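Just below is one structure, and these are the notes that go with it.
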Amino acid sequence: MATSSSLNAIKHITVVGGGLMGSGIAQVAAQSGNRVTLVDISPDVLKKSQDSIQKSLGRVAKKLYKDNPTEGEKLVKTALASIEVSTDLQAAVKTTDLVIEAIVENLEAKHKLFASIDDVAPASTIFASNTSSLSIGEIASVTKRKDRFGGLHFFNPVPVMKLLEVIRIPETSDETYNTLMEWGKAIGKTCITCKDTPGFVVNRLLVPYMSEAVRLLERGDASARDIDIAMKLGAGYPMGPIELADYVGHDTTKSILDGWHKKFPDNPVFKPTETLNKLVKEENWVLKQEKDSISITSS
Ligand code: 3HC
């Protein structure tokens, strides 16, 4: 059971990382009445986040208030007004109840981030990571607040997917865990609990599933179209595994697999696939060309 103090504990949250996941987390928290500061090092990323949050809120409002557009507009306006953006992480965490990190999947970068705010945030502030595949315990190891540290793993698209995985490490206090579970419920998610194991529940099953589908394709057993149709119509998935790997991002899927393969080289399920490696290489090449052409045209 949550204590009454923990039930009221989370009023202001700081989300670090203005990408797809960070923006989605900021949105659902603001929709549920939290004040939110969304932090990123890039003002351009923050501008894009605000635009995508506004668009997504419009979709939510349309769905919730089909017959009452005025109420829908009010929801969008109120939620947007609850989100401020900032490039100053230290200032943002000074008065925050919960920090959720949703930056790049790199342990060093996450260490740097949490180490830089551990002495600045109030002692009562809970730290959480939205990591897809890294160990929460390893991320928390650079802080002096492991009892106020946990994992909050959201799913893409955050405003639509109803699940929140709450991960506790052995040091996470009952109060912190209860507060995270209550907060997850308050923002409209169904929470499940998982130990600090690779991929927690969903990604531990979903990532090997997607890479097995890619291996099936590599062997020429079936076409991408047929694999996707098979899993949609035969197993009731909303997307097929090939489409899902693309939706999640080939780079994300590859980085998860690579990380696990490095840590657990003997587990065949985590073996990288040639096709994913090739796709990411090609996508990076295209991105680089786009970047180069932008810097040429803007100079
Ligand atoms: N914001 C707000 N609403 C959104 C939205 C967004 N970003 N994206 C979709 N929606 C809403 C739409 O408005 C629509 O609402 P309606 O029912 O009132 O019309 C509803 O969601 C369905 O959207 P669409 O009609 O556009 O499309 P689909 O019916 O094809 O659904 C989907 C899209 C919800 C993405 C569905 O295909 C799906 O569930 N796919 C699987 C997603 C999944 O598995 N995600 C988990 C990935 S793993 C992960 O995130 C973990 C990470 O660590 C890697």
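The values are calculated or read from the model by the stated rules, or taken from the named source; none is laboratory data. Quick caveat, the model's predicted, so the values are computed rather than measured. Using ideal geometry, Cβ is built from the backbone for each residue, glycine included, and neighbour counts are taken over all protein chains shown.
Residues satisfying the criterion are absent from the stretch 71-80 (criterion: of a type outside the set (Lys, Arg), touching a Pro at 6+ places or on another chain (Cβ under 7 Å) and either at pLDDT 95 or above or not assigned by TED's automatic domain parsing to the domain that holds His12 (or both)).
Being in a loop (DSSP other than H, G, I, E, B) and surrounded by fewer than 16 Cβ atoms within 10 Å (Cβ to Cβ) is the filter here, so list the residues in the stretch 119-140 that pass it.
If we filter the stretch 119-140 for residues that are in a loop (DSSP other than H, G, I, E, B), which is where we start, we get 119-125, 130-135.
Hits for the stretch 119-140 are Asp119, Val120, Pro122, Ala123, Ser124.
Could you tell me which residue of the stretch 32-56 is nearest to the ligand (Cβ to nearest atom), considering only residues that are part of a helix (DSSP H, G or I) and touching a residue at least 40 places away in the same chain (Cβ under 8 Å)? Going through the qualifying residues, I end up with Ser56. Restricting the stretch 240-284 to residues that are away from the ligand (no atom under 16 Å from the Cβ) and assigned to a loop (DSSP other than H, G, I, E, B), the residue that is surrounded by the most Cβ atoms within 10 Å (Cβ to Cβ) is Thr273. Counting only residues that are within 15 Å of the ligand (Cβ to nearest atom), part of a loop (DSSP other than H, G, I, E, B) and surrounded by 14 or more Cβ atoms within 10 Å (Cβ to Cβ), the stretch 214-239 holds 2 of them. Ser5 satisfies every condition listed in (1) outside any loop (DSSP other than H, G, I, E, B); (2) at pLDDT 95 or above except (2). Among the residues making up the stretch 164-203, those that are within 16 Å of the ligand (Cβ to nearest atom) and in a loop (DSSP other than H, G, I, E, B) are Ile187, Gly188, Lys189, Asp196, Thr197, Pro198, Gly199, Phe200, Val201.
Inspect the stretch 158-165 for any residue being more than 30 Å from Asn277 (Cβ to Cβ) and crowded, with 17+ Cβ neighbours inside 10 Å and give the result as yes or no. The answer is yes, given that some residue of the stretch 158-165 is more than 30 Å from Asn277 (Cβ to Cβ) and crowded, with 17+ Cβ neighbours inside 10 Å.
Filter the stretch 80-124 down to the residues that are closer than 16 Å to Ser135 by Cβ and without any contact (Cβ under 8 Å) to a residue 24 or more places away in the chain and list them by number. Listed by number, the residues that qualify are Asn106, Glu108, Ala109.
Contact map, the stretch 139-162: first residue among the hydroxyl-bearing types (Ser, Thr, Tyr), second residue more than 7 Å from the ligand (Cβ to nearest atom) and in a loop (DSSP other than H, G, I, E, B), Cβ cut-off under 8 Å, separation 6 or more or different chains; pairs are Thr143/Asp118.
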